[in-house]
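Participant: Got a structure here, written out as C-alpha cells. Questions coming.
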Amino acid sequence: KIIEKNIFDINCFNNLNNEFEIIFIDPPFKEKNVFKLMDNIIKLKLLKDNGIFIIHRHKNENDLLPKEMNIFLEKSYGVSKIIFGNLI
C-alpha cells in the first residue's frame, strides 16, 4: 500500500494507525526539518520494529537523526544520497 501525503502538514499522520515495514522519505533537498519528521515517525510508532526507513537527500546534507535511528547503509548517486536505516 502506498500512501502519498505531505508529511510536513501537521495533520498528515491522522488516520494512519498502521505500522509500516518500509517508510520512504523524499523531502526537498533544501528541507531542514528531517529530524522533526523522523521524530514524529518514532513518537507515532509508524515504523514496525523490524521495519526500515529510506531517506533521499542531497549528498552534502549532514542531517541529524534521532538517537533511536540506526543508519546501516548509505549510497551516493550523482548529487543524491540514499540512507537506509532502522530503529534501535
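Participant: For segment 64-71, check the following and say yes or no: at least one residue is open to solvent by 50 Å² or more (accessible area, probe 1.4 Å), among the basic types (Lys, Arg) and outside any strand (DSSP E or B). Lay out the reasoning, then the answer.
Facilitator: So in segment 64-71, the residues open to solvent by 50 Å² or more (accessible area, probe 1.4 Å) come out as 64, 67-68, 70-71.
If we keep only those that are among the basic types (Lys, Arg) too, we end up with 67.
Of the ones still in play, those that are also outside any strand (DSSP E or B) are 67.
Yes, segment 64-71 contains a residue that is open to solvent by 50 Å² or more (accessible area, probe 1.4 Å), among the basic types (Lys, Arg) and outside any strand (DSSP E or B).
Participant: Does segment 1-56 hold any residues that are aromatic (Phe, Trp, Tyr) and over 14 Å from ILE83 (Cβ atoms), and which are they? Give the steps one after another, and end with the answer.
Facilitator: Of segment 1-56, the ones aromatic (Phe, Trp, Tyr) are 8, 13, 20, 24, 29, 35, 53.
PHE8, PHE13, PHE20 - these are the residues of segment 1-56 that are aromatic (Phe, Trp, Tyr) and over 14 Å from ILE83 (Cβ atoms).
Participant: Would you check if ILE55 is among the hydrophobic types (A, V, I, L, M, F, W, C), under 16 Å from ILE7 (Cβ atoms), open to solvent by less than 90 Å² (accessible area, probe 1.4 Å) and not in a strand (DSSP E or B)?
Facilitator: no
Participant: Scan segment 1-44 residue by residue and report those that are open to solvent by less than 100 Å² (accessible area, probe 1.4 Å), assigned to a loop (DSSP other than H, G, I, E, B) and among the β-branched types (Val, Ile, Thr).
Facilitator: ILE3, ILE7
Participant: Restricting attention to segment 50-63, does a residue exist that is within 20 Å of PHE20 (Cβ to Cβ), touching a residue at least 12 places away in the same chain (Cβ under 8 Å) and out of contact with any strand residue (DSSP E or B) (no Cβ under 7 Å at 6 or more places or on another chain)?
Facilitator: Yes, the conditions are met somewhere in segment 50-63.
Participant: Shifting gears a bit: Checking the structure you have, find out if any residue of segment 72-88 is surrounded by fewer than 13 Cβ atoms within 10 Å (Cβ to Cβ), among the β-branched types (Val, Ile, Thr), part of a loop (DSSP other than H, G, I, E, B) and in contact with an Asp or Glu (Cβ under 9 Å, 6 or more places away or on another chain).
Facilitator: So the first thing to find is which residues in segment 72-88 are surrounded by fewer than 13 Cβ atoms within 10 Å (Cβ to Cβ), and the list is 72-73, 75-79, 88.
Applying the additional criterion that residues be among the β-branched types (Val, Ile, Thr) yields 79, 88.
Among the residues that remain, those that are also part of a loop (DSSP other than H, G, I, E, B) are: 79, 88.
The next check asks that each one be in contact with an Asp or Glu (Cβ under 9 Å, 6 or more places away or on another chain); those that pass are 88.
Yes; the residues of segment 72-88 include at least one that is surrounded by fewer than 13 Cβ atoms within 10 Å (Cβ to Cβ), among the β-branched types (Val, Ile, Thr), part of a loop (DSSP other than H, G, I, E, B) and in contact with an Asp or Glu (Cβ under 9 Å, 6 or more places away or on another chain).
The values are calculated or read from the model by the stated rules, or taken from the named source; none is laboratory data. Small disclaimer: the values here were computed from a predicted structure and weren't measured. Virtual Cβ from ideal backbone geometry, glycine too; neighbours counted across all protein chains shown. Heavy atoms of the whole protein, side chains included, go into the accessibility calculation; ligands, DNA and RNA do not. Shrake-Rupley method; radii C 1.70, N 1.55, O 1.52, S 1.80 Å.
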